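The numbers here are math on the coordinates, done by the rules we state, and not lab data. Note that this is a predicted model, so its numbers are computed, not measured. Neighbour counts are summed over all protein chains in view; Cβ atoms, including those assigned to glycine, are modelled from backbone coordinates with ideal geometry.
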Amino acid sequence: MPELLTPATVYILAAILLPFVPKGIFRQLVPVLVPFAGVAVFWTLQSGTFSSFNLMGLHIGLMRIDDLSRIFGLIFSIAACLAAIYAWHVRDTIQQVAGLLYAGSAIGAVFAADLITLFVFWEGTAIASVFLIWARRTEGAYATGMRYLIVQIGSGVILMAGVVLLYRETGTVAFSQMELGSLATWMIFIAFGIKCAFPLLHNWLQDAYPAATVTGTVILSAFTTKLAVYALARGFPGTEILIYIGAVMTLFPIFYAVIENDLRRVLAYSLNNQLGFMVVGVGIGTPLALNGTAAHAFCHILYKALLFMSVGAVLFRTGTAKGSELGGLYKTMPWTMAFCVVGAASISAFPLFSGFISKSLILSASADEGHFIVWLILLFASAGVFHHSGIKIPYFAFFAHDSGKRPKEAPRHMLIAMGVTAALCIGIGVYPAPLYELLPYDVGYEPYTTSHVVTQLQLLFFSALAFTVLMKTRVYPPELRSTNLDSDWIYRRMLPAMVAGLRHVITGTWRFASRVTTTRVDRFIATIYRAHGPQGPLARTWPTGSMVLWMAVLLGMTLVLAYI
């Protein structure tokens, strides 16, 4: 095969040529067909490294094929195709080119065999994706995009620094399993963690994704964070600290999502929650757990895209995604509502839906390895995601109070994209064997056992009962027009307050010092004036004898000092 023919090359060439394709159906078809061409490049290849060469003594591998990279490359390709169908109405060349470059960079990073190639595509995802935020062309989107870009580029800078240090230590830039035993590996780990939205490093996700365009949010939800999950699974499987980081990730978004009014921000929080399950799987590091991580990433990309598609369709038709301004839309958007319910059932891990067959792997792995507390946390997190994504999203968007809005049903191409995605969510849930065959390890697993099904149904039914009781007793937080802050409170509230306080202290100190200095200088000048002024004693005309006397005194003092 040609030396540089990789799936990423296909996307990049398509992005370069797209502006020259005549506007119309042919240009719209390009983003839909490119993923098929990308899959054709790698799907038939056996495991191994391809398109490799030496660069200044460094061994560069542009395409490493194994079971882990193949499954992530496949789901990224499926997501790119579905997003292109969903965005069929978009005529903005910038968004089309950015979408292709973004997907191509993510897929290129998945197949990277070395850390240099990973870094190049890592930064490519950051630069390309920010245009999907800026494409909204509002002042707020521009500011959000700048914050997003700073965080993402910062992640790449930390990654590059870690790679340089690792090369000095080991003499290699191969992208393989690492141990957290040096500054180099810690820097790489932190770079992955930023992109994976670790706790306190996560707020770029809730800030940026809801600020993107209707179609841009769907594309963003598929690639960046799942690329980070892949990088962790490749570089740090079995790293114990990831178990506890992931457990925290599953917990804290629940409380923010419950009180959030913007439904796209609710989905962004639930995305963070679901990433926690994958990070726990990577931290456990057993074949069953890593299979669970890969399967959950595969299923999550689909059902999260479906949820973002349905809420995006509502935003497209009504102009808002705020729960306080929606409700009653099932009357005129029944298909969108039905697809949203499928996505909600999938993320909630209902039996016969995709989330059930992937989340069960991680739960079983945590139980098998004796992580009982973590297992309980994951169960609680599963109930929480059912509350805020399984119930809250469809309930407040399509039911709840009647907002009086009667928008048209979503455009046909959006319905097609949502329909195909919903069919995949159901098909994988009903018949998971094909997905299990794609997983990295050969582990016999049966999700539909009596204990799994009964445990999950009990969890879901009691969660639904709790939601009903809270709604009936009006204890459940209502949808209010508000802006909620979490870790962004640090730079939106704390840091400005600290800067204002520091400015006050500096200003007060400067004023005090100026006042004291001015007083002292005035006193000194007054003293000089009294001595040397027109009426001062040193300004008077002295008699000659007086002058001689003073000269004698000065000469005497000089002689005494010289003698001493």
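Brief remarks on what is shown
- Residue 91 versus residue 332: modelled label distance in nm, points set 7 Å from Cα along the beta carbon direction: 2.4 nm
- The length gained on full extension between residue 46 and residue 174, counted as 0.36 nm times the residue separation minus their Cα-Cα distance, comes to 44.1 nm.
- Estimated at 0.36 nm per residue, the fully extended path between residue 183 and residue 200 surpasses their Cα-Cα distance by 4.1 nm.
- Straightening the chain between residue 522 and residue 413 buys 31.1 nm, computed as 0.36 nm per residue apart minus the Cα-Cα spacing.
- Taking amide H as placed 1.01 Å from N in the peptide plane, the amide H of residue 52 sits under 5 Å from that of 62, each at least 5 places away or on another chain.
- Normalised by 2.2 N^0.38 Å, where N counts its residues, the alpha-carbon radius of gyration of the stretch 1-235 equals 0.99.
- Calculated FRET value between residue 401 and residue 127, using beta carbons and R₀ = 35 Å, to 0.05: 0.25
- Candidate membrane-span-like segments in the chain, meaning DSSP H helices with Cα atoms spread over at least 30 Å of their own axis and a Kyte-Doolittle mean of -1.0 or above, are 139-170, 214-235, 263-284, 287-318, 450-472, 495-532, with no membrane implied.
- 19 Å Cα-Cα threshold exceeded, pairs from 195/392; 322/472; 331/405; 195/226; 23/408; 322/392: 195/392; 322/472; 23/408
- Separation between Cα centres of the stretch 307-348 and the stretch 375-430, rounded to whole Å: 7 Å
- For a label point 7 Å along the Cα-to-beta-carbon line of residue 500, residues of the stretch 113-151 with backbone N under 11 Å: none
- Residue range of the chain that is longest and free of trypsin sites (Lys or Arg not before Pro) which are both DSSP loop and sparsely packed (at most 13 other C-beta within 10 Å): 138-407
- Amide H contacts under 5 Å for residue 114, placed H, 5+ residues apart: 61, 175
- Each part reduced to its alpha carbon centroid, the stretch 351-370 and the stretch 118-193 end up 30 Å apart.
- The stretch 237-482: C-alpha gyration tensor shape, a/c 1.5 cut-off, then a/b vs b/c: prolate
- Once Rg and the Kirkwood radius are both taken over the C-alpha atoms of the stretch 328-396, their ratio Rg/Rh works out to 1.12.
- Distance between the C-alpha centres of the stretch 444-475 and the stretch 269-299: 21 Å, rounded to the whole angstrom.
- Rg(Cα) / (2.2 N^0.38 Å) computed for the stretch 176-249, rounded to two decimals: 1.19
- Average Cα contact separation per residue, the chain, under 8 Å, 6 or more apart, as relative contact order %: 12 percent
- Label-to-label distance, nm, for residues given as residue 248 and residue 67 (7 Å Cα→Cβ offset): 3.2 nm
- Zone of residue 25's modelled label, taken as backbone nitrogen in the stretch 414-440 under 20 Å from a point 7 Å along Cα→Cβ: 414-417
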